[in-house]
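I have placed the structure first, in the form of C-alpha cells, so that the comments after it can refer back to it.
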Amino acid sequence: MKMNVPVTERLKFKLMNEHDWQQLYELDQDPAVMQFLTRGVPTSKKQIRDEGIPRMLAYRNAKKGWGLWSVTTKDTNTFIGWVLLRPMDFFSEQPNFSDIEIGWRFKQISWGLGYATEAARALCAELTKQPDVNYISASALADNISSIKVMKKLGLTFVKSYTHTDEQGDLPAVLYSKRLK
C-alpha cells in the first residue's frame, strides 16, 4: 500500500529528494530555527550535501511515506518547512519499523500560524492507514516548548525524559508517543 500525499486546506506536500538541497540549506540558515537543533549554528552547504542528503536518502521510502515532506502554502506556493517521517531509531542496529518518528522544521515566517500542527496531522492521518504502523513518536529538547505543544496537539503523550547527546554536549530531552492500534 502506497502512502497518499496528504491534502489540507492551506498546505501542499511533496516528498523531498536530493534535488531539494537548496530549500534545506535556506531553512537551516536562520539561527532561531536551528536553536534547538544545533544551538543556533547554521548548517553549511557542504553539511547539507555530504551529510543531510545522504541521511535523508537512507530512510526515504516513497511507498511508505518515509522521508522529508516539503510543506508549501497553497495560496503563495511558498516553501515554509518540512515534516520528517522515518522509523524510530532508524540509524541504530535495531530500527523500529512499527513506530514512526515525526519531526518538523519551519521558517520563522510560519511560526504561530498552526502550519506545523496542520502538516503533521495530515501526515499522521495518512500513516494511520498503514497496517504495520502501530505508534507515532516524537522527541524534542525539553526547552523546546513550541514543539512539545505540537506533539500534544497531535495527541502524543509524554513517555520519558532522557539526555540527548550530540557533538555539542548533553541536553535534557523528552519523548512523546501515541499508540495507533
- Message: In Å², and per residue, what accessible area does the chain have when probed at 1.4 Å with the other protein chains present?
- Response: 53 Å²
- Task: Could you give the C-alpha radius of gyration of the stretch 26-92 expressed as a fraction of 2.2 N^0.38 Å, taking N as the number of residues it contains?
- Result: 1.23
- Item | For q = 0.13, 0.20, 0.21 Å⁻¹, Debye-computed log10 I/I(0) when each Cα of the stretch 105-171 counts as one equal scatterer | -0.46, -0.95, -1.01
- Task: Output the relative contact order of the chain, whole-number percent, from Cα pairs under 8 angstrom with separation of 6+ residues.
- Result: 19 percent
- Query: What GluC sites (Glu not before Pro) in the stretch 89-154 are in a loop by DSSP, with at most 14 other Cβ atoms within 10 Å of the Cβ?
  - Reply: GLU93
- Divide the volume of the convex hull of the Cα atoms of the chain by its number of residues and quote the answer in cubic angstrom per residue. 118 Å³
- Once you've got the GNM for the chain with C-alpha springs shorter than 10 Å, pick whichever of LEU15, LEU68, LEU57 has the biggest mean-square fluctuation. LEU57
- Query: What 222 nm value per residue comes from the helices of the chain, counting each DSSP H run with n ≥ 4 as -39,500 (n - 2.57) and dividing by all residues, nearest 500 deg cm²/dmol?
  - Reply: -6000 deg cm²/dmol
- Query: Got a number for carbon plus sulfur as a percent of the chain's accessible area, 1.4 Å probe?
  - Reply: 52 percent
- Query: Assigning unit charges at the beta carbon (Lys, Arg +1; Asp, Glu -1) and nothing else, what dipole magnitude in debye, to the nearest 20, does the chain show about its Cα centre?
  - Reply: 700 debye
- Message: So if I place +1 on the C-beta of Lys and Arg and -1 on the C-beta of Asp and Glu, and nothing else carries charge, what would the dipole magnitude of the stretch 89-181 be about its Cα centre? I want it in debye, nearest 20.
- Response: 620 debye
- Among LEU37, LEU113, LEU84, which one shows the biggest mean-square fluctuation in a GNM of the chain, springs joining Cα atoms closer than 10 Å? LEU113
- Query: Given springs between every Cα pair under 10 Å in a Gaussian network model of the chain, which of THR157, THR165, THR128 has the largest fluctuation?
  - Reply: THR165
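The values are calculated or read from the model by the stated rules, or taken from the named source; none is laboratory data. In this text the structure is predicted, and so the values were computed from the model without any measurement. Cβ: placed from backbone, ideal geometry, glycine included. Neighbour counts: every protein chain shown. We work out accessible area using only protein heavy atoms, side chains counted, and drop any ligands, DNA or RNA first. Shrake-Rupley method; radii C 1.70, N 1.55, O 1.52, S 1.80 Å.
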